1. What value, in deg cm²/dmol to 500, does the helix sum -39500 (n - 2.57) over DSSP H runs of n ≥ 4 give at 222 nm once divided by the residues of the protein assembly as shown?
2. Please list, in order along the stretch A:63-71, the HN-Hα scalar couplings obtained from phi with the Karplus expression 6.51 cos²θ - 1.76 cosθ + 1.60 (θ = phi - 60°), rounded to whole Hz, x for Gly and Pro.
3. Efficiency by 1/(1 + (r/R0)^6): what FRET value for B:His235 and B:Glu272, r their Cβ-Cβ distance, R0 = 41 Å, to the nearest 0.05?
4. For the stretch A:236-329, what does the alpha-carbon gyration tensor say about shape, rounded, prolate or oblate, given a ≥ b ≥ c as the root eigenvalues, a/c under 1.5 as rounded, and a/b over b/c as prolate?
5. Add +1 for every Lys or Arg and -1 for every Asp or Glu among the other residues with Cβ under 15 Å from the Cβ of A:Ala174, and state the total.
6. Can you give the accessible area of A:Arg49, probe radius 1.4 Å, in Å² rounded to 10?
7. Are there chymotrypsin sites (Phe, Trp or Tyr not before Pro) in the stretch A:301-354 that DSSP puts in a loop and that have at most 14 other Cβ atoms within 10 Å, and which ones?
8. For A:Lys123, B:Lys71, what's the largest-to-smallest order of accessible area, 1.4 Å probe?
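The values are calculated or read from the model by the stated rules, or taken from the named source; none is laboratory data. Everything quoted here is computed from the prediction, not taken from an experiment. Quick reminder, even Gly has a Cβ in these numbers, built from the backbone with ideal geometry, and neighbours come from all protein chains shown. The accessibility values were calculated without ligands, DNA or RNA, using every heavy atom of the protein model including side chains. Shrake-Rupley method; radii C 1.70, N 1.55, O 1.52, S 1.80 Å.
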Amino acid sequence: MEGRREEGAERRSVILIGTAQGRRTEYFTKAARELGVSVRLLEWDRLSREALEQISRERAAVKIDPPVWESCRLEDLGGGIRAYLKNLERLGTFLPKWQEEGEDAGKGYFLNTPQAIGTALDKRRCKEQLKRRGVPVTEMLAEEIVSGRQLQEIMRKQRIMSVFVKPVFSSGAAGILAYRYDPARGKMAAYTSCRLEQGTLINTKKLYRIEHPGEIASLLDAILSLGAVVERWYPKAMSQGYSYDLRAVYQFGRLETIIARGSRGPITNLHLNNTALDLSGLGLPEKTLSEVRELCKETLKALPGLQSAGIDILVEKDTYRPYVIEVNGQGDLIYQDIFQKNAIYRHQIEYLTGMKG
Amino acid sequence: MGKKKRYSFTYEQWEEEGMDATNMAEEIVNDEQLKELEEIVIGCWGEMWEDSAQAILDGIVENKEKFDCMKSLFVGDVDYEECEVSWIIQGDYSKLWAALPRLEKLTIKGSTDLILGDIVHDNLQELEIICGGLPVDVMKSIQKAQLPSLRRLVLYIGVEDYGFDGSVEDIKELLENMDCPKLEHLGIVDSEIQDEITEAALNCRYIDQIHTLELSMGTLTDKGGQLLLEKIPDHSNIQKLDLHFHYLSEEMMGKLNKLPIEVDTEDRQVPEDFNGEIYYFPMLTE
């Protein structure tokens, strides 16, 4: 497997690029400590050339965690992610030099490469790449859509009644709007956690249902102006009155965990309002679970450079067919795991240090 | 209940293949299993915001002999993933009553273009209408109905913007005049005038025989809570009070939970403050 060290070689040290505070760092370092591995934290705001050269000298294995985005303004969030992409690019262009020069040339030192994390962050690029490789995904509309009026026209012409509008660069449910439009009756409805306050898009933690066409149009225009993808709205499976989707963490060729995220509305990954549902209570057919495993495997194959990913999976109502909604190259923080076995981070440490294959 | 089957078109079938209510009616009436089915649930029949349930209802009436076994029917078992409840176009049920004399339970979701007509049915035991706004015409049909076996009636009242064109007076009239001598489970739920409805429900002509009272999913506040606290002890027949999704204070919840009956006060809501104005919303308001 790419990135593995040879038997008998010296154990590689681990560097975590991330933030000092937060559960990711806390539980990743906890896993390392329990395995007798020391992890050096390199904070994003101290990512100088000297620091990178230091990594180069150490020939360490590197895990990249995301920085923390504090703003609830969608524009700032998108800007933060764009700046982050630039940093990833910087890491990606600088670090391979020492990889190529060293004796372990070509082996790869990253848990996930900066390029692959960047590809996954760009919803359009990631989806296109998966689709090209034949991975079932929730389908994006091909057109580049820049306004609410244009979207309505496309929906009318193509007889698409409901869609999801998502900023290309955002995190969680921020900026997502589920939109339903009936041109024949001139009716529309939208579900979103976004509000427009004095012309600024604000992400809240609450899901709103809106029917006023003017209000919806303003929101659509504002979200689409950020650069957004529009996807068909596939009805999600429901259980106990909750819509749900799945977050699977797949790494090193195996499915680590699946959690079901339930919501009383069509948007599931709201940080405050989602409810973890017991997977065994969903009544998912074995066929679906086996398709999910295959889907994860194919997803990682289609995104080279990712050894570990959080994959959001839609399970279609009635058919229980799974589709990839999006992939997060840093989607490994699962509370149900860290508070219990902390297995995801432990396996990452084992992988990075070459303890286990 | 015996054998059950749910009929619903998948996303692919309705969005890409254009399946509609007529196709759904054909699928159901031509199903070889039909004669064994006791419970039929009808989910998404296609573009149900444009295409009403009428073709399905007509299909059932025209093929009534095939539905001899059916005891339970649910028309419109969809949620926001497929269609807004207020967008579901229902149909005219007038001919269904005579066509399905063995029907025991009917559940209808959506109230747009819903007509119940003159209801005369000897066997119907349960009737539930789930919607964001119940039209007075539908209430009048129930008020005039002859349902000698009806044990359970649950009506979502909803809000004015989505079809509730009446007032508490219409609900009072219904509850004081309805002809359902076996009624034992009453739910008048999901209302923005839930306190007034609580008073009306307590004055229902059958209040002394009801064992379950549902006043849930609405804007029930301490005003309605106080009324229940005072009146429920007078009706020892009431065994269960379902108030879930409410705006009661914690103090009032505590008092109600001390009543010597089963009381559900789950899912407490907090009114919303928009620029200093306080709003109370029922659960289903579309």
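1. Working: 18 runs with 192 residues, N = 643.
Calculated mean residue ellipticity at 222 nm is -9000 deg cm²/dmol.
2. Per residue, the Karplus-derived 3J(HN,Hα) values read 10, 10, 9, x, x, 9, 9, 8, 5 Hz.
3. Numbers: r = 34 Å, r/R0 = 0.82.
Approximately 0.75, to the nearest 0.05.
4. Values: a/c = 2.05, a/b = 1.50, b/c = 1.36.
The shape class here is prolate.
5. On the way: positive: A:Arg73, A:Arg82, A:Lys123, A:Lys166, A:Arg195, A:Lys205, A:Lys206; negative: A:Glu70, A:Glu75, A:Asp76, A:Glu197, A:Asp312, A:Glu326.
Combined, the nearby Lys, Arg, Asp and Glu give +1.
6. 140 Å²
7. Details: sites: A:Tyr320, A:Tyr323, A:Tyr335, A:Phe339, A:Tyr345, A:Tyr351; in loops: A:Tyr320, A:Phe339.
Of the chymotrypsin sites (Phe, Trp or Tyr not before Pro), the ones in loops of the stretch A:301-354 whose Cβ has at most 14 other Cβ atoms within 10 Å are A:Phe339.
8. B:Lys71, A:Lys123
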